[in-house]
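S.K.: Mind having a look at this structure? Questions to follow.
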Amino acid sequence: MPEHCAAFSCSNRRTIASRARGITFHKFPKDKDVRKKWEVALRREGFHASDTSVLCSHHFNQGDFDRTGQIVRLRDGVIPSVFSFPVHLQRVGVSS
Ligand SMILES: [Zn+2]
């Protein structure tokens, strides 16, 4: 089963085509606190990441990646920050 990016309005999937375009997919962190920050960053109501949830590389800044190894990794503690939200979700700051 292809893996879908969990971000709002993002339709990237893990396919040969997306790989060719340089898109990488990253699982949600195992660390509960960091995972919670990712979930908040997504701003998807009622969304809870599972162990198979992934985000694609579009939602991170270039500096968030560690490209020194064979595979592209995210640096520890990185929070996704690049999203295209609908207007009503574009306010800065998260109230919960
Ligand atoms: Zn995505």
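The values are calculated or read from the model by the stated rules, or taken from the named source; none is laboratory data. No experiment lies behind these values; they were computed from the predicted model shown. With ideal geometry, Cβ positions are generated from the backbone for all residues, glycine too; neighbour counts draw on all protein chains shown. Just the protein is used for accessible areas: all its heavy atoms, side chains included, with ligands, DNA and RNA removed. Shrake-Rupley method; radii C 1.70, N 1.55, O 1.52, S 1.80 Å.
S.K.: Could you grab me the full set of residues in the stretch 47-67 that are among the small types (Gly, Ala, Ser) and without any contact (Cβ under 8 Å) to a residue 40 or more places away in the chain?
M.R.: Matches in the stretch 47-67: Ser50, Ser57, Gly63.
S.K.: Tell me the residue from Arg44, Arg13 that is within 13 Å of the ligand (Cβ to nearest atom), touching a residue at least 24 places away in the same chain (Cβ under 8 Å) and among the basic types (Lys, Arg), please.
M.R.: Arg44
S.K.: What do you reckon, is Asp76 open to solvent by 40 Å² or more (accessible area, probe 1.4 Å), assigned to a loop (DSSP other than H, G, I, E, B) and free of Cβ contacts under 8 Å to residues at least 24 places away in the same chain?
M.R.: yes
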